[in-house]
Amino acid sequence: MNRADNLRVGFACAYTPLPLLVAAGFAPFRVLPMTEAPDHAGRILHDNLCPHVKSILDRALAGDLPSLAGMVFMNSCDAMRRLYDAWRTVPGNAPAVLIDLPVTADEASSVFFTGELRRLAGVLETWGGRTPGAEELQRGIGVYNALASRLRALTRRVDSGMLADGPALLQETFNLASTSSFDETAAFVQKLLAEPAQERAPDAVPLYLFGNVLPDPEAFRLFAACGARIAASDLCSGTRLFQKVELDAGGDPYAGLAAALLGRKPCARTFDPSRPVRIGEEILDQARAVGARGVIGHTVKFCDPFLARLATVRRTLQEAGMPFLVLEGDCTLRSIGQQRTRIEAFVEMLR
Amino acid sequence: MDKKGMRFRGASMMFQFFQEMEQGIDASIRAGGGHASPRKRYTLEVARLGRRLYSGRDKLAWCGVVAPFDLLNAMGVTSCFVEFVGAMLASTGTVGTFIEAADHLGYSSDACSFHRSVLGAAMQNAMPVPDVLIGTTNPCSGGLAVIENLARHFSKPLFILHIPQDESGGNVPYLADQIRRMARFVTDHTGLPLDQERLRRSIENTNRVHAIGSEVYELARHVPSPATSRDLNNFGIVMALFLGSEGAIEVAEAYRDAFRERIASGKGGVPGEKVRLLWIQNRMQFRHPLEKMLEEEYRASIVIDELNDFNWNPIDPDEPFEGLARRSIAIPFNGTVETRVAHLQKLARQYKVHGAVNPCNWGCRQGTGARGLIEVGLKEIGVPVLNLEVDCVDDRKFTEGQVRTRLEAFLEMLESRPSP
């Protein structure tokens, strides 16, 4: 056994190349913004930075983290870059690396990002990991894909409304998958899939949910309590983190992983320049595909990639006659709980 | 809409504004026998750029901050970073109308006002329709997002320059190739080719500005500084728009000559200069009395702004794309905060500043996110930092009394410290 086996490497963004961490012998550990740590991040980061990154820094400042061999940050946005800066000033924190992330998925970007993944492989070795060659990386991708497939099956089951307390359990599963061993998660998924099917609540209103970070399962219970059924969701703390990586036969797995990550269902920060702010149409298509009667957009406060595009999303949905509710939060149940009346009113309007 | 807002409604009114501004400055310079302050020559170039942007005659590109403007100038494309419009609207006192327009469309008030005002201006037809848009991934996510929104609003083609975080590995050739493709993209959509000889002349002009501008900055370091707080306001970032042109050389020469003369005659920019300040990131773009207050009541001068520096080397005319790539990467807002702090420390030492002011523009994540670490970094070299909480564009949020009180307290503290 390599000395890196069972060591964790932290991460904070859904673009993190989890298969590469696995291939290097590490267990990926998402530093979720769920903590009782005191709010001290403001000492280093400005108040106008998103609560996601500030909660992660709060966890680091309070020592509310497991032992980490290292921490991988993706250059996904300004706030994440500043978090990387701040992370390295906290005494005792694990070493960190910032991996650059193109905003487009064209060929040149993929080649560049492939280079970044190779650089990350070198860094992982310095943290005590294996140096993944093509075969090891393919194996890592295989392990990741196996879990992604199971999670996809569970997601389908939950989206159909046939699993009691499904959306909250699904979020618990995603949290488990991003903080525990893949084997443990796989067993948990199997258990859930074996649960007897429930009748779909007849009067629950099907909604489509998109946004960024919403890891608290209780938030999903709140939606259900307000009369909503989340018919599908697209969150970076949920489905966006586990999307199957398809490789070309015989191709370089690093290049394949880079292309897959850039080409996956995107966060608002990644886009196709030939179809600017297409995110609105994509949300509309997805909402219609699952028969949603309305859309909820949940973003953490001060998230520039989403803030800058929500107006266009709103206009697109409005023009299509798709009702839309925007919720801004701070990654805590408290903030979303304050929105309960708005969610209830929105659901009531759609009945 | 108020009277000023009406004045700016529509791109044709903007054209008129810049044209009148240009004609007024031209007339003033002629009346003075060709003599003019360097700031007036700088403002004339700003007016000329504004007039060209709104003329409806030029091929036009709205860009991100670190686009290669000298290359675009060489192609005959009038180009500008969009934040320029936000700053201009703020300076004319009309920005509120456009920010409100953006707010009504659902753009968050937590976003940067430079960008909200630009979006509002576009929706109010106060931004000319471009032929192309060129987004840059640096300095900020918000700036890139506004370019993406404008591309959709105008239904015009968009090209993205991904600016790597540093020059390591193959980053320079990667960006240089993107700039080559960008030039082809611009040609495809404007019909304007990139003539190699014109590019060479443009790069040579850029290098000339680099040489003269370096002397300007060297002179500005003199104690007392020949610069007033206003002289070099926005200078470094706006001069990038003029690069490649003869006008940029004339502006740089005007500053050099004026500063040489002031030093030779023993005149400081601020008579009796007592306190020298470093201003971090952006100035407040709207009119306010605080810089005057600093100068008159405390003999304090803003001797250096963060972006008034050349972080890049002259560009080899035989390898222009690589040089342009290095320059785009070199902006201190790029990469990790260490780069930025090291740059600020360098400036603080070179200019012998007593203290630094960081306005912490509300809505700017990349800039203010580094607030705490910048403060620590400057304190390490004995430079205290005043962090303000302001919106550098939206004058409706400006609380003069509070900002004044904090500045006064800071200045009183600095006066009691030994000179650096």
Next on the checklist: Given the criterion assigned to a loop (DSSP other than H, G, I, E, B), of a type in the set (D, E, K, R) and either touching a Pro at 6+ places or on another chain (Cβ under 6 Å) or surrounded by fewer than 24 Cβ atoms within 10 Å (Cβ to Cβ) (or both), identify the matching residue among B:ARG57, B:ARG51.
Outcome noted: B:ARG57
Item to check | A:PHE188 surrounded by fewer than 20 Cβ atoms within 10 Å (Cβ to Cβ), in a helix (DSSP H, G or I) and among the aromatic types (Phe, Trp, Tyr) | outcome: yes
Item to check | Residue, farthest from the other protein chains (Cβ to nearest Cβ), within the stretch A:58-103, restricted to residues that are farther than 16 Å from A:THR16 by Cβ and under 18 Å from the mean Cα position of the chain (by Cα) | outcome: A:VAL103
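Here's the yes/no breakdown for (1) surrounded by 22 or more Cβ atoms within 10 Å (Cβ to Cβ); (2) basic (Lys, Arg); (3) under 30 Å from A:LEU61 (Cα atoms):
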{"site": "A:VAL103", "(1), (2), (3)": "yes, no, no"}
{"site": "A:SER110", "(1), (2), (3)": "no, no, no"}
{"site": "A:GLY115", "(1), (2), (3)": "no, no, no"}
{"site": "A:ARG130", "(1), (2), (3)": "no, yes, yes"}
{"site": "A:ASN145", "(1), (2), (3)": "no, no, no"}
{"site": "A:ARG157", "(1), (2), (3)": "no, yes, no"}
Next on the checklist: Which of the numbered conditions does A:GLY251 fail, given that it passes all the others? Conditions: (1) in contact with a strand residue (DSSP E or B) (Cβ under 8 Å, 6 or more places away or on another chain); (2) within 27 Å of A:PHE112 (Cβ to Cβ); (3) part of a loop (DSSP other than H, G, I, E, B).
Outcome noted: (1)
Checklist entry - So how many residues does the stretch A:265-307 have that are touching a Phe, Trp or Tyr at 6+ places or on another chain (Cβ under 8 Å), facing chain B (nearest Cβ under 9 Å), buried (at least 22 other Cβ atoms within 10 Å of the Cβ) and in contact (Cβ under 8 Å) with a residue 12 or more places away in the chain? => result 2
Checklist outcome for this item: Checked against (1) of a type outside the set (Phe, Trp, Tyr); (2) outside any helix (DSSP H, G or I); (3) free of Cβ contacts under 8 Å to residues at least 40 places away in the same chain, A:VAL213 satisfies every condition except (3)
Item to check | Residue list for the stretch B:377-393, filter: outside any loop (DSSP other than H, G, I, E, B) and either more than 13 Å from A:ALA86 (Cα to Cα) or without any contact (Cβ under 8 Å) to a residue 24 or more places away in the chain (or both) | outcome: B:LEU378, B:LYS379, B:GLU380, B:VAL385, B:LEU386, B:ASN387
Next on the checklist: So, B:GLY323, is that one part of a loop (DSSP other than H, G, I, E, B), under 20 Å from B:VAL66 (Cβ atoms) and of a type in the set (Gly, Ala, Ser) or not?
Outcome noted: no
Next on the checklist: Criterion first (part of a loop (DSSP other than H, G, I, E, B) and within 30 Å of A:ALA79 (Cβ to Cβ)) does A:PRO167 satisfy it?
Outcome noted: no
Next on the checklist: Tell me yes or no: at least one residue of the stretch B:394-416 is within 14 Å of chain A (Cβ to nearest Cβ), part of a helix (DSSP H, G or I) and not β-branched (Val, Ile, Thr).
Outcome noted: yes
Item to check | Scan of the stretch A:314-336 for residues that are more than 9 Å from chain B (Cβ to nearest Cβ) and either under 21 Å from the mean Cα position of the chain (by Cα) or assigned to a strand (DSSP E or B) (or both), ordered by number | outcome: A:PHE324, A:LEU325, A:LEU327, A:GLY329, A:ASP330, A:CYS331, A:THR332, A:LEU333, A:ARG334, A:SER335, A:ILE336
Checklist outcome for this item: Note on the stretch B:370-384: residues within 13 Å of chain A (Cβ to nearest Cβ) and either closer than 18 Å to B:ASN282 by Cα or crowded, with 16+ Cβ neighbours inside 10 Å (or both) are B:ALA370, B:ARG371, B:GLY372, B:LEU373, B:ILE374, B:GLU375, B:GLY377
Next on the checklist: On the basis of being modelled with pLDDT of 95 or more, closer than 23 Å to B:ALA61 by Cβ and not β-branched (Val, Ile, Thr), does B:ASN207 make the cut?
Outcome noted: yes
Next on the checklist: Given the options B:GLY24, B:GLY34, B:GLY10, B:GLY5, name the one that is more than 25 Å from B:LEU150 (Cβ to Cβ), at pLDDT below 90 and not polar (S, T, N, Q).
Outcome noted: B:GLY34
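The values are calculated or read from the model by the stated rules, or taken from the named source; none is laboratory data. Note that this is a predicted model, so its numbers are computed, not measured. Glycine gets a Cβ as well: all are built from the backbone with ideal geometry, and neighbour counts include every protein chain shown.
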